[in-house]
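Worksheet for the structure shown next.
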Amino acid sequence: MDDPTEYIVEDQDHPTKPRREKPIRPQKPRARKVPPPALPIREAIPYPSAKFEILSRLDSVKNEDGNLRPRLGRFTLQRGWVAPAKDGTKAGDVALQIDIKTPGMICGTRRGIVKHLSQDNLALARGAEWIHAPLEDFLEHPTPIPAHHPSALPLHGFLTHPPSSHIVSLSLRNPHDNKNMPANTNAFVQARTVRGVRKVGIEDWITWCKALRPDLIWALVDAPKTLTGVADPDSEGAEASEIIPGEGRQTSQKRTMKSMDRSWLWVEALLRGLTTSGNSASPAAPFRPPIIVPLMGGCDSRAREEFSKGLVDKLDAPIAQGTGIALKRVEEGVTGYAVELADLPFNELSTPPVPVTDSIQDAASDDDPDTMVNLLRASLGPLDTAKLRIAHSAPSPHVILRLIAEAGIDLFDAPWIAEAADLGIALDFRFPAPPRSEPGGPAARIGRSLFEERFAMDFEPIGELDSSWPCQPVFSDSHILHGRLDSDQWSSSDKRGGHPKAFTRAYVHHLLHTHEMSAYTLLHLHNLAVMNRFFDNIRSYMSQTPLSTVEFSKEIVRFFEAYDLPGQLFDDARRRWKEVEDARGKGSLKRERETLRNVQEAEQGAQVFAVDDAHPGEGMPKSDAIAVLEEAIEDRL
Amino acid sequence: MVLGHGTTILPTFMPVATQAAIKGLTPQQVEALGISLILNNTYHLNLRPGTDVLQKAGGAHAFQGWRRNLLTVFVPSIFSPPINSNDAVQDSGGFQLVSLSSFTEITEEGALFASPFTGEPTMLTPEESIRIQHAIGADIIMQLDDVVSSLTTGPRVREAMLRSVRWLDRCIAFHKASGRDKPYDTANPNGMQESASPTNEGQPTRPEQNLFAIIQGGLDPELREECLDEMIKRKEDVPGYAIGGLSGGEEKAIFWKIVKLCTDKLPEDRPRYSMGIGFAEDLLVCVALGVDMADCVFPTRTARFGVALTFDGPLNLRLGKHAMEFGPIDETCPCPTCTSGTSRALLHSLITHETVAAHAITQHNLVFQARLMGNARDAILADTYPTYLRSFFARYFGATGYPRWCIDALKEVGVDLLEGTEKGKEGVESAIGVVEGDGARWEYST
């Protein structure tokens, strides 16, 4: 049953009670089917080196932990080589570096693809230089397909992200996914694939990381995704429910401890597994790829502190690394840390910060050790302050500001940025917030829902002119020529139509209402650029001197006053999106597909109650059999 | 062909931006592909965003940010061919309008439509269709015609043809009266022979709009002849001709004969536009028959279903056999998809999940169509078009067999497709198979 290629398909009605499908066994391929080829042998190229420099820290007036002060920094990924061929198949010897300024952004993706942006449009994007991909999106195949790509950097090569301009990092799971999953065990983590849930052990993770060569690797950790809370295992009526986003996932102390133990082990195993004895060709090359460790401990500040301390404690056996000094602590071998907000009570950050002043102590947050801010402080407190800090799934620009100010977070990603484009929202906000037209008036929204009828005749650009490519589009001077006379089409004397104008709200409104995909491309390009500008704004604000945390937090309070949280804007947009979706009528292919999918799901659902002879719960519906098994496993551990 | 927004070299294929956007792409991307003439759809733009918005935007060029040439056709595409079904594709042969009769009523005054949104009847007269196209401001506009399905027979076909001629007269009259058939310079309005429509006061220089006539007459050669005679009489007011009423499911063997009949008769000094033609073999045969322009949603629509066009035949990238293919769709293709290292494997893994795959294949397919036509132009210039046809068919159909109708049609213009491929003269027609019927070639399941 530990066959790593075994799939469990989640039961939609009972998310915590998975059912087991017949395992897919690649060793017994169907006739005529060729077994997957061995991974290609690639040129051994050195790992990139990662450097994080803190350029300045805001002065702290209050006598608070210096570790958590907001800081300006620069993350540098340096490759000792560059791929001259576009597909990255040949390694050259030119050093190449990519700088990411902090506070800044990481672009979260599905399948490593920045939503709606083909590679020529990705080149126009701002704010997508660091692309993060979850491996689970590729795990519907026994070996993830990109691992077979012939290029020296297979993940870059497969996804067509140029190694010269883009960082690609990899985690097993999508860090935004807070849906319930079957239980992890000592041997594996449950990953979600399009074909169901799949078990991934630490050895698999090491193998795939080596094969895929992402620039940065997220350590495999055991983040509990089962619903526990105070659930009484005997009470049949206890409905398994999803966690409420922003309220935190309540996990039993026992489960938290288990998660920490496994995570420590796996982080250490990853370090050992990826550390090389050095590269004789390039002796200066790093011994291992840059590694980011997600910080565990759930919603318990003592546990979080304990987990972080574990990373700093001496290892029982140092990790040898070539001629270098052996690693005595895990922390010495990692580049940075990640906080996964999806399962934390981040809603608490959606209120204006209590401004810190010289005199008034921020008493509220000190009372309860498990407030969001205290959880972060507990995690970061014991750790080396010079390491990179990444927060996943910050729910709003407001929360991003608070995380910078109160926990010194350096990099952010968020699923709502891509969602905004899908919902027809053009983001529009700045930091510091511009002065309000009428003092005391209503707060502005952080964007416009271009589905709204009022934009049908609005020929203004979708955002300010300096904000994004769609607001200042440029035609390329080069055109593909298909025939000998084609250059006549593009001769300069023939260039009519003048300079391109910004794409207007009216045009995007039209595209949204006619279901034209170009709308999403334009909006996502725009929204990424607006986020990028927001971080630019924050960095330039923070680089003013002298500036203290007091002034910063006052400015953040002003931002909270000036802009509403995104909730209402997104809810309205979802409603409008739905209206248009429905109004498109029966002809919509999409609706047909959905109907089809529902039928298919209903058909699959019918199989849930099939009897599986191989399992101890013989004669029981499959999902119950699994539940029995899961409980048995949990008890043994 | 020099139009208000630049030069377009003919013959050419025109991608379709039904609702003022080539599916998923920006105008900048489309232009970079080497495309200088696209289509918008009058019917759709009139429904959304409507002429008020277009007029306020300063026309469809400005509205969608397209600075090159634009043509507007009137094609209610309520009919939606099930492209992913093998049979349907081969049956329909094209994706132009088939029949309006289910939701329109044609009278001498105009066409009565039911709005797809409200069901309200709307009268569309020839004058109104031109007025809408003035608001859109395309460089080439089309007359309103009375279309019947190419499968229709009987007196209705003749009635439709004659009405199309009468409607052409009304379109010409309205168009000339508006002054839109001439360029208009705001800086020098007195230089104009006729007054501009008041809605465009304050607008910058506006190029002329060219009204094309549409030849009707169904599949009846006599009716086509009659229509041609009538419409050619009006040549002075008609800068170009379209061949309409085809691609509605008729047999290819009849289709090409009608096209040839039209191109034989149409004046040399007017561009000929064959509506709704998009398959590679159709395009090349039509070019051989003397067609200059063609349009079809096929290359963009098929892209969204994961089908990439190549000179070796279409590839269905959804098929599992592409899952591990790390090469591009076509090594020799200059499109952004093929030159960026985008592999068949990547497109296979994305096509059902991410819009990006559709965008990438759309770019590739548009470049394929443009290369097909660009190669045709060069071959015509070099006087080697027959050689080009033979080499294209050998690659594209070599494995499956040549469509019979292509062989017949090309023979009619003096090109023997099978030349040089014969094994022996007697008995065996060719080493290459010949496919009877419509012979579209699809990789849908293998």
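Every read-out reported here was derived from the displayed coordinates using simple, explicitly stated rules and does not represent laboratory data. Quantities reported herein were computed from a predicted structural model and do not represent experimental measurements. Counting neighbours? That spans all protein chains shown, and the Cβs are built from the backbone with ideal geometry, glycine included.
Near residue B:46, once Lys and Arg are set to +1 and Asp and Glu to -1 for all other residues with Cβ below 11 Å from its Cβ, the sum equals 0.
Taking amide H positions as modeled 1.01 Å from N, with prolines and chain starts lacking one, the residues under 5 Å from residue B:14 and 5 or more places away or on another chain are B:294, B:295, B:296.
Under the rule a/c < 1.5 gives rounded, and otherwise a/b versus b/c splits prolate from oblate, where does segment A:373-412 land using the Cα gyration tensor? Verdict is prolate for segment A:373-412.
Using θ = phi - 60° in the Karplus curve 6.51 cos²θ - 1.76 cosθ + 1.60, the 3J(HN,Hα) couplings for segment B:31-48 round to 4, 4, 6, x, 9, 10, 8, 10, 10, 10, 10, 4, 4, 5, 5, 5, 6, 9 Hz; x is entered for Gly and Pro.
What's the magnitude of the charge dipole for segment B:224-277 around its Cα centre, counting Lys and Arg as +1 and Asp and Glu as -1 at the beta-carbon? Answer in Debye, nearest 20. Before the final figure, lay out each step's value.
On the way: 10 positive and 11 negative charges, 33 e Å.
It comes to approximately 160 debye.
Taking other residues whose beta carbon is less than 15 angstrom from the beta carbon of residue B:383, and scoring Lys, Arg as +1 and Asp, Glu as -1, yields +2.
Please arrange A:406, A:555 by how many other C-beta atoms lie within 10 Å of their C-beta, fewest to most. Present the calculation step by step, with values, prior to reporting the outcome.
Values: A:406 25, A:555 19.
Ranked by crowding around the Cβ, least crowded first: A:555, A:406.
From the square roots a ≥ b ≥ c of the eigenvalues of the alpha-carbon gyration tensor of segment B:304-435, which class results: rounded (a/c under 1.5), prolate (a/b over b/c), or oblate?
Details: a/c = 2.91, a/b = 1.86, b/c = 1.57.
Here segment B:304-435 falls in the prolate category.
Taking the Cα centre of segment A:154-222 as the origin, how large is its charge dipole in debye, to the nearest 20, when only Lys and Arg (+1) and Asp and Glu (-1) carry charge on their Cβ atoms? Provide the component values of the computation, followed by the final result.
Values: 8 positive and 5 negative charges, 47 e Å.
Its charge dipole is roughly 220 debye.
Taking amide H atoms as placed 1.01 Å from N in the peptide plane, the amide H of residue A:181 lies under 5 Å from those of A:225, A:226, A:227, each 5 or more residues away in sequence or on another chain. Our coupling estimate for segment B:333-339, obtained by passing each phi through the Karplus curve with A = 6.51, B = -1.76, C = 1.60 and θ = phi - 60°, is 7, x, 6, x, 5, 6, 7 Hz, Gly and Pro reported as x. Count the net charge of all other residues whose Cβ sits under 12 Å from the Cβ of residue A:462, scoring Lys and Arg as +1 and Asp and Glu as -1. Counting the neighbours of residue A:462, the net charge comes to -1. Counted by neighbouring Cβ atoms within 10 Å, the residues B:136, B:35, B:9 run from fewest to most as B:9, B:136, B:35. Since only B:392, B:381, B:314 are under comparison, the one whose Cα sits farthest along the positive direction of the charge dipole of segment B:304-435, derived from C-beta charges on Lys, Arg, Asp and Glu, is B:314. Annotation for segment B:166-180 versus segment B:258-314: alpha-carbon center distance of 28 Å.
Averaged over the residues of B:335-348, the number of partner chain Cβ atoms lying within 10 Å of the residue Cβ comes to 5.
Sorting B:140, B:407 from the fewest to the most surrounding beta carbons within 10 angstrom yields B:407, B:140. What you get for segment B:304-435, charging only the Cβ of Lys and Arg (+1) and of Asp and Glu (-1), is a dipole of about 380 debye around the Cα centre.
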